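What follows is a set of notes on a single structure, which appears directly below.
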Amino acid sequence: MKNIDIFEFLTEREHTPVVDVRSPAEFLKGHIPGAFNIPLFSDEERAIVGTKYIQESRYDSVIAGLDFVGPKLSGFVDEVSKISPEKKILIYCWRGGMRSASMSWLFNLAGFNAKTLIGGYQSYRRYLKEFLSRPINLIILGGMTGTGKTDLLTQLSKLGQQVIDLEGLANHKGSAFGAIGQKPQPSTEFFENLLFEELIKLNPNIPIWVEDESKSIGSLYIPDEFFKQMANSSVIAIELPVDVRVKRLAKDYTNCNPELLIASVNRITKRLGSDNASRAIKKIQEGNYEEAIEITLKYYDKTYLFGLSNKKNKTIVCKFSENNILKNSQILIETLKEVH
């Protein structure tokens, strides 16, 4: 059995399958993206083994574990054979302890070249936190709701710019309406893992475009280390006429279930004001989405301007007259040259 550190692990995983042997609940909370879950114990089994370790003895917990695992050994080998026909595998558990050591022993016995991550998932998370603390050359793409920032980021990427789409990683558009039409959000921990995986593909010395966000995106949070760098980075803010923004947003939400839109308005009633909220809901019920959007935009615009006023670094404003994503992206690239 060979143990490898996080640096060797990150290199070898590019051509070797990764297996997470922790319980399904641990895996669901957060795992190394791309890893396969072959749990040594189910959630219930893990709880029993842990309880025996604490309340009885290490010996009793090991015996209980063997009773659970024994009948499943051949199944583990079958599963890993499907994952890695070349018989090479990387394994990790929580701390690089007994679970990964046991599975590595089994797979090596079955003829695999199995390597175990020293320190397990914890070492991956420690390296992630340290990496996010390193200086990154960020450029913040700001702009009021409806200015098409996500579409612009996509186009900037097509034009060869380095881009991180935080809302794409979070499965959320960032507002009270942001969950509509999106997949379920990951945990905050797994969101951090996804962000790290995107960042290690990029050159930190060349500008990386990222959308202006508050600390939270839906139910999850941007890691402190990264958010602090966002707060201290230069901003290029987009301005687009209100009527153009309204039409963009109406196009996005016209096919949504009206009840979902109404529920989203209800969530911001206190900030929007009860009269405005009631008017917006009435317009949605009438199918007049553009007027409903105009009402809610007043709240979002006010919130955005307040946040922009608190930015520490230089803000350059780009005024666009039309919703031309390609043309506007090219202007943003030229503007970036002024910032750097």
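In the range 279-338, what residues are within 13 Å of THR145 (Cα to Cα) and aromatic (Phe, Trp, Tyr)?
Across the range 279-338, the qualifying residues are TYR299, TYR300, TYR304.
Run LYS247 past the list (1) at pLDDT 90 or above; (2) closer than 28 Å to ILE316 by Cα and report the number of the one that doesn't hold.
Status for LYS247: all satisfied but (1).
For the range 200-210, state whether one or more residues are assigned to a loop (DSSP other than H, G, I, E, B) and within 11 Å of LEU166 (Cβ to Cβ). Please lay out each step first, then the result.
Within the range 200-210, the first condition is being assigned to a loop (DSSP other than H, G, I, E, B), and the residues that meet it are 200-207.
Right, trim to within 11 Å of LEU166 (Cβ to Cβ) and you get none.
Within the range 200-210 (the criterion being assigned to a loop (DSSP other than H, G, I, E, B) and within 11 Å of LEU166 (Cβ to Cβ)), the answer is no, since none of the residues qualifies.
Among the residues of the range 89-106, write down those that are over 29 Å from the mean Cα position of the chain (by Cα) and either farther than 18 Å from PHE41 by Cβ or surrounded by fewer than 15 Cβ atoms within 10 Å (Cβ to Cβ) (or both).
TRP105
Please go through (1) of a type in the set (Phe, Trp, Tyr); (2) in a loop (DSSP other than H, G, I, E, B); (3) under 20 Å from ILE136 (Cβ atoms) for PHE177 and return the number of the only condition it doesn't satisfy.
Among (1) of a type in the set (Phe, Trp, Tyr); (2) in a loop (DSSP other than H, G, I, E, B); (3) under 20 Å from ILE136 (Cβ atoms), the lone unmet condition for PHE177 is (3).
Within the range 143-184, how many residues turn out to be over 22 Å from CYS256 (Cα atoms) and in contact with a Pro (Cβ under 7 Å, 6 or more places away or on another chain)? Before the answer, list the steps.
At the first step, the residues of the range 143-184 found to be over 22 Å from CYS256 (Cα atoms) are 143, 152-166.
In the following step, the residues that additionally are in contact with a Pro (Cβ under 7 Å, 6 or more places away or on another chain) were identified as 162.
Total meeting the criteria: 1.
Quick check on the range 55-68. Is at least one of its residues surrounded by fewer than 17 Cβ atoms within 10 Å (Cβ to Cβ), within 30 Å of PRO184 (Cβ to Cβ) and either aliphatic (A, V, I, L, M) or touching a residue at least 12 places away in the same chain (Cβ under 8 Å) (or both)?
Looking for residues that are surrounded by fewer than 17 Cβ atoms within 10 Å (Cβ to Cβ), within 30 Å of PRO184 (Cβ to Cβ) and either aliphatic (A, V, I, L, M) or touching a residue at least 12 places away in the same chain (Cβ under 8 Å) (or both), one finds none in the range 55-68, hence no.
Pull out all pairs, ordered by first then second residue, where Cβ-Cβ is under 6 Å, the residues are six or more apart or on different chains, the first lies in the range 186-204 and is within 15 Å of SER219 (Cβ to Cβ), and the second is hydroxyl-bearing (Ser, Thr, Tyr).
So the pair list comes out as THR188/TYR221.
The rows are residues; the columns are (1) outside the structural domain of GLU213 (by TED's automatic domain parsing); (2) closer than 25 Å to SER234 by Cα; (3) among the β-branched types (Val, Ile, Thr); (4) in contact (Cβ under 8 Å) with a residue 60 or more places away in the chain.
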site	(1), (2), (3), (4)
ASN276	no, no, no, no
ALA280	no, no, no, no
ILE284	no, no, yes, no
GLU290	no, no, no, no
LEU308	no, yes, no, yes
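Would you be able to tell me the number of residues in the range 107-123 that are surrounded by fewer than 21 Cβ atoms within 10 Å (Cβ to Cβ) and either under 17 Å from ASP224 (Cα atoms) or of a type in the set (Ser, Thr, Tyr) (or both)?
The total comes to 1.
Only residues that are among the β-branched types (Val, Ile, Thr) and farther than 22 Å from ASP252 by Cα: list them for the range 130-163, please. Break it down stepwise before answering.
Here is the first cut: in the range 130-163, the ones among the β-branched types (Val, Ile, Thr) are 136, 139-140, 145, 147, 150, 154, 163.
Selection gives ILE136, ILE139, ILE140, VAL163.
Specify the residue that is farthest from ASP212 (Cα to Cα); the eligible residues are those in the range 160-174 that are assigned to a loop (DSSP other than H, G, I, E, B) and modelled with pLDDT of 95 or more.
Taking the range 160-174 first, the residues assigned to a loop (DSSP other than H, G, I, E, B) are 160-161, 165, 171-174.
Within this subset, residues satisfying the condition of being modelled with pLDDT of 95 or more are 160-161, 165.
On the way: GLY160: 20, GLN161: 17, ASP165: 10 Å.
Taking the candidates together, the pick is GLY160.
The values are calculated or read from the model by the stated rules, or taken from the named source; none is laboratory data. Please read all numbers here as calculations on a predicted model, not as lab measurements. Quick reminder, even Gly has a Cβ in these numbers, built from the backbone with ideal geometry, and neighbours come from all protein chains shown.
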